[in-house]
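Working notes for the structure below.
The values are calculated or read from the model by the stated rules, or taken from the named source; none is laboratory data. Just so it is clear, the model here is predicted, and its values are computed rather than measured. Here the Cβ positions follow ideal geometry from the backbone for every residue, glycine too, while neighbour counts run over all protein chains shown.
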Amino acid sequence: DMRAVGKWTWLTLLRSDEIRDEYDVIVVGGGHAGTEAAAAAARLGAETLLITQKIMTIGALSCNPSLGGVGKGQLVREVDALDGLCGRAGDSAGVHFSILNRSKGPAVWGPRAQLDRERYRQFIQSELLSTPRLTVLEGSVDELLVSQPNPEEPGHHRVTGIRLVDGSHPILSSSVVLTTGTFLSGSLFMGQTTSPGGRMGDAQSCAGLSYTLKETLGLRVGRLRTGTPPRIVKESVDLSLAQLQAPDKQPTPFSFLNTHTRCKPEEQLPCYLTHTTPGVERVVRESVHLNCHIQQDTKGPRYCPSIESRVLRFPGRRHQVWLEPEGLTSDLLYPQGLSMTMPPDLQLRLLREIPALHRAEIRAPGYGVQYDFVCPTQLTPSLQVKSTQGLFLAGQINGTTGYEEAAAQGLWAGVNAGRTALSLPPIALSRTQSYIGVLIDDLVGRGVTEPYRMFTSRAEFRTYLRPDNADLRLTPRGFEEVGCVTLRRYKKAVSVRDGLQEALMALQSVALSSTRWREKLGNISLSENKSTTLNGLDLLQYKDVSFEMLASAFPECLSQYFEYSQRLKIEAVYRPHCEKQSREMERIRSEESLSLPSDMDYLSLPVSLSHEVREILDRVRPNTVSLIYASKVILIKYIIMTTDGNRKFR
Ligand code: FAD
């Protein structure tokens, strides 16, 4: 009695014989990685089956009701540019849009939105429902089916399908994407109690799956942890004692398809800022012995720590607490910054030490989760397990944290799972081209020792990898080469690209001396001497010159490009710097295309390398020369030249 979602009806009960025996791609897990993976594989043309424990939790936001932020917003824009779901879902569910980091340059702005949980979930579910070639099945996968294609290659496998926990017949597939999040050997922690589970109310992933990964496939697995705060009844909070934080006046949508957000002004809700007090620190200290989650050595998210970690690491400080809406009709507030795992009565005591929360009521207590992750250096840049053909991993199972990181990996794993099933070669994204490329390159090249989250500082070419130009960087390639972008989106991106190119040429065509510009535009400060000739693009680089000013000076050439005014300004500001970096980007791209044989015998290479370096190379087995740099081993060029000067490994 498996349940599946048919194309037109919601929660249609399908008999098990209505599920086929074989699919091109099977995706396990309906979280942020799994939904993007399934939708991307289906967009590519693969018959796809998404299997998840509970259909109603598809698209659930396990923790914070928000999307985007610094680095993360860039990922959402890129997923959207490749026709993924989360950007449009964020626009549909956003109740408080704001751009973070506005005091810095636009390359590192962080588009972010508070979300209505219900709307987000509904959007993702209805998108999956209307995706052709995609079937959703409610069930738990207990076993990966694998074969050993070549007896002479012990340790090398090929995935052939999955088996469900109910013991029903196997479902076959040449590509499987695992996106089991925090569910792999998951344990939940609250106070002194521990119970198995992947998330409150959800069972952990079946033991058989862990067994296949660890024992049959011999994958190295580590353990990480995270936690979530209690949810507070809004009416019980004295918001007059907190500082109101209004959303941006003009919401900035995530999706390139939305020139306006659906969000009406009356649907924009405020957030509130408050702070911890010495009383909070006291409760944390008094309850340490009753809090088994924080007594463990397992690494948690450094940039999203629990209140216990914050207080114990930085005693005597006042810590920020954001009170965030959970949705338009929700009667709950989410206290960002107060993730905690002490017993529920002490959670209440702690909250009430904060003036705005002195009468707070808790609807659901905070808790922690510890889970297994697969060390991601065992993956290729297409997110395929190196030793197991057809098996792809994405999301928190790879040691990342956050919805955006999961969605980005999910999309890319889905693309490659679809390509494998359709007998197309795997495809990688360069770190010079996208944050998704940076994320995957960091994971497979360096691995993780703590939950990995994206920051703009991780991208060397962040002045080029901007949120404003993700469509130009990725959409054409996504359509022409990758196959995951629909014609509608491609046409839109091409028309924007052509429009911007025309506008840039028009700007370059209006050239005047700096004296004449000053006369035309009034009191602007230009550093150039009077006789220097500047074109419109040069001028737009100046802080106090806007495209609108130039268009009012030359309306006949420029006014038709008003819709691009912000993008033109950003392009003008960053263009000289990006041009300077282009040679370095070229070098990295060429190294990314230099592949290395998977069976290279690093331990006995006839070159002078320290034993430590050999061991790192042997363990990481980098796929490309650029990943050698990521592994912090920079002698590979020497190895290549010594073993074969003719680039044998290309
Ligand atoms: P998930 O969203 O967890 O989805 C996994 C899916 O796989 C689920 O739908 C599950 O039902 C399904 N599944 C698992 N096993 C099987 C199986 N055998 N068969 C079928 N289906 C299966 N992120 C942050 O950025 N900051 C935080 O502070 C933070 N705190 C968190 C606190 C908690 C308690 C939890 C649970 C998560 C937290 N997260 C946090 C993480 C955030 O939820 C994840 O990063 C994100 O959801 C990962 O997406 P995913 O798709 O990898 O996995």
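As a summary of the residue check, SER92 satisfies the conditions (1) within 16 Å of the ligand (Cβ to nearest atom); (2) surrounded by fewer than 24 Cβ atoms within 10 Å (Cβ to Cβ); (3) of a type in the set (Ser, Thr, Tyr) except for the one numbered (1). The single residue among SER309, SER330 that is among the small types (Gly, Ala, Ser), free of Cβ contacts under 8 Å to residues at least 24 places away in the same chain, over 30 Å from ARG621 (Cα atoms) and surrounded by fewer than 21 Cβ atoms within 10 Å (Cβ to Cβ) turns out to be SER309. Among the residues making up region 548-569, those that are among the acidic types (Asp, Glu) and within 37 Å of the chain's Cα centre (by Cα) are GLU548, GLU563. Within the bounds of region 12-22, is there any residue that is modelled with pLDDT of 70 or more, in contact with a strand residue (DSSP E or B) (Cβ under 6 Å, 6 or more places away or on another chain) and in a strand (DSSP E or B)? Yes, because at least one residue in region 12-22 is modelled with pLDDT of 70 or more, in contact with a strand residue (DSSP E or B) (Cβ under 6 Å, 6 or more places away or on another chain) and in a strand (DSSP E or B). None of LEU465, LEU474, LEU429, LEU439 is within 16 Å of the ligand (Cβ to nearest atom) and crowded, with 21+ Cβ neighbours inside 10 Å except LEU439. The sole residue among HIS358, HIS275, HIS289 that is farther than 30 Å from PRO426 by Cβ, free of Cβ contacts under 8 Å to residues at least 24 places away in the same chain and not β-branched (Val, Ile, Thr) is HIS289. Consider region 442-452 and keep the residues that are surrounded by 19 or more Cβ atoms within 10 Å (Cβ to Cβ) and either modelled with pLDDT of 95 or more or not in a loop (DSSP other than H, G, I, E, B) (or both). The one that is nearest to the ligand (Cβ to nearest atom) is TYR452. Could you list, in sequence order, the residues of region 54-82 that are within 11 Å of the ligand (Cβ to nearest atom), under 11 Å from the mean Cα position of the chain (by Cα) and part of a helix (DSSP H, G or I)? Correct list: LYS72 only. What single numbered condition from (1) away from the ligand (no atom under 16 Å from the Cβ); (2) closer than 21 Å to ARG20 by Cα; (3) surrounded by 16 or more Cβ atoms within 10 Å (Cβ to Cβ) fails to hold for HIS157? Unmet condition: (2). The residues of region 175-204 that are within 26 Å of the chain's Cα centre (by Cα) and in a loop (DSSP other than H, G, I, E, B), listed by number, are THR179, THR180, LEU184, SER185, GLY186, GLY197, GLY198, MET200, GLY201, ALA203, GLN204. Scanning region 109-119 for residues that are at pLDDT 95 or above, closer than 30 Å to SER423 by Cβ, within 24 Å of the chain's Cα centre (by Cα) and surrounded by 20 or more Cβ atoms within 10 Å (Cβ to Cβ) turns up nothing. Of all residues in region 265-281, those satisfying the criterion of being within 20 Å of LEU357 (Cα to Cα), in contact with a Leu (Cβ under 9 Å, 6 or more places away or on another chain) and not in a loop (DSSP other than H, G, I, E, B) are CYS271, TYR272, LEU273, THR274, GLY279, VAL280, GLU281.
Pairing residues of region 188-203 that are free of Cβ contacts under 8 Å to residues at least 40 places away in the same chain with residues that are within 8 Å of the ligand (Cβ to nearest atom) and among the polar types (S, T, N, Q), at Cβ distances under 8 Å and at least 6 apart in sequence or on separate chains, gives PRO196/GLN204.
Anything in region 290-330 that is assigned to a loop (DSSP other than H, G, I, E, B) and of a type in the set (S, T, N, Q)? List them, or say none.
Of everything in region 290-330, those that are assigned to a loop (DSSP other than H, G, I, E, B) and of a type in the set (S, T, N, Q) turn out to be ASN291, GLN296, THR298, SER306, THR329, SER330.
The residues of region 514-548 that are among the hydroxyl-bearing types (Ser, Thr, Tyr) and in a helix (DSSP H, G or I), listed by number, are SER514, THR515.
Are any residues in region 192-212 within 11 Å of the ligand (Cβ to nearest atom) and either in contact with a His (Cβ under 7 Å, 6 or more places away or on another chain) or of a type outside the set (S, T, N, Q) (or both), and if so, which ones? Correct list: GLY197, GLY198, ARG199, MET200, GLY201, ASP202, ALA203, CYS206, ALA207, GLY208, LEU209.
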